[in-house]
Amino acid sequence: MQVTLVILKPSAVQRGILGEVISRFEKKGLQIVGMKMINLTDEVLKVHYSHLVEKPFYGRIKDSMQVSPVIVMALKGVDAVNVVRKITGSTNGRDAQPGTIRGDYSISVQENIVHASDSDETAQIELSRFFTADEIFNYPQLMIQNIYANDEY
Ligand code: TYD
């Protein structure tokens, strides 16, 4: 089992589609093991988007992520990092496949509804950036036998 980080961006909060987006992850069979609303500070964003800090458009990305609070979620499942990235779709909403979250809800590169960790290593780092150990919950997924074969998890 893997745990990955998702951020429901201000574009999801403001458009009132949090429930629909969260529902997609739940219906897939991913287990929500952490979830809270937070404000993203300048300091956290600089670290979170360190690969983009030098880009000319970093300022608008930062501003966009601070339009409102965001929801951070920890999602658990077999191969959760890859599964969540696939459900999320490619970065640019205009290119993202229909059926993905970005493909269905976004027509923008920046206002693209969700962030999802891109590797297991990044997921570990990003989860510890937004959650303390006691904010990630370990509880039985009661329908697990209807979600996976018993040799899959
Ligand atoms: P990135 O980490 O490249 O993509 P992803 O979110 O799919 O992992 O970029 C982070 C966010 O920065 C992206 O979700 C939207 C924004 N962004 C832009 O606004 N313009 C750009 O050209 C890029 C590359 C990203």
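FYI, it's all coordinate maths here, none of it is from the lab. It should be emphasised that the depicted structure is a prediction, and the values quoted were computed from it without experimental measurement. Cβ placement follows ideal geometry from the backbone for every residue including glycine, while neighbour counts extend to all protein chains displayed.
Taking the Cβ of residue 1 as the center, what net charge do the other residues with Cβ under 12 Å away carry, scoring Lys and Arg +1 and Asp and Glu -1?
Neighbourhood net charge equals -2.
In segment 60-153, which trypsin sites (Lys or Arg not before Pro) are in a loop and have at most 14 other Cβ atoms within 10 Å, using DSSP for the loop call?
94
By the scheme Lys and Arg +1, Asp and Glu -1, what is the net charge of all other residues having a beta-carbon under 14 Å from that of residue 122?
So the environment of residue 122 carries a net charge of -2.
What does the extension gain come out to for residue 26 and residue 91, with contour length at 0.36 nm per residue minus their alpha carbon separation?
Result for the pair: 21.2 nm of gain on full extension.
Over segment 63-149, what is the mean sequence separation of C-alpha contacts under 8 Å (at least six apart), divided by residue count, expressed as relative contact order in percent?
Worked out over segment 63-149, it gives 21 percent.
Looking at the chain, how many pairs of lysines come closer than 27 Å at the Cα, when each pair is eight or more places apart or spans two chains?
For the chain, qualifying lysine pairs total 25.
Work from the charge dipole of the chain (Cβ charges, +1 for Lys and Arg, -1 for Asp and Glu, about the Cα centre) and give the residue of 67, 49, 39 farthest towards its positive end.
67
Could you work out how far apart the two model spin labels at residue 15 and residue 50 are, taking each label as a point 7 Å from the Cα in the direction of the beta carbon, and quote it in nm?
3.0
Could you tell me the calculated FRET efficiency between residue 149 and residue 129, based on Cβ-Cβ distance and R0 = 25 angstrom, to the nearest 0.05?
Rounded to the nearest 0.05, the efficiency is 0.15.
How big is the antiparallel share of DSSP beta bridges in the chain, given as a percent to the nearest 5?
Given both bridge residues lie in the chain, the antiparallel proportion sits at roughly 95 percent.
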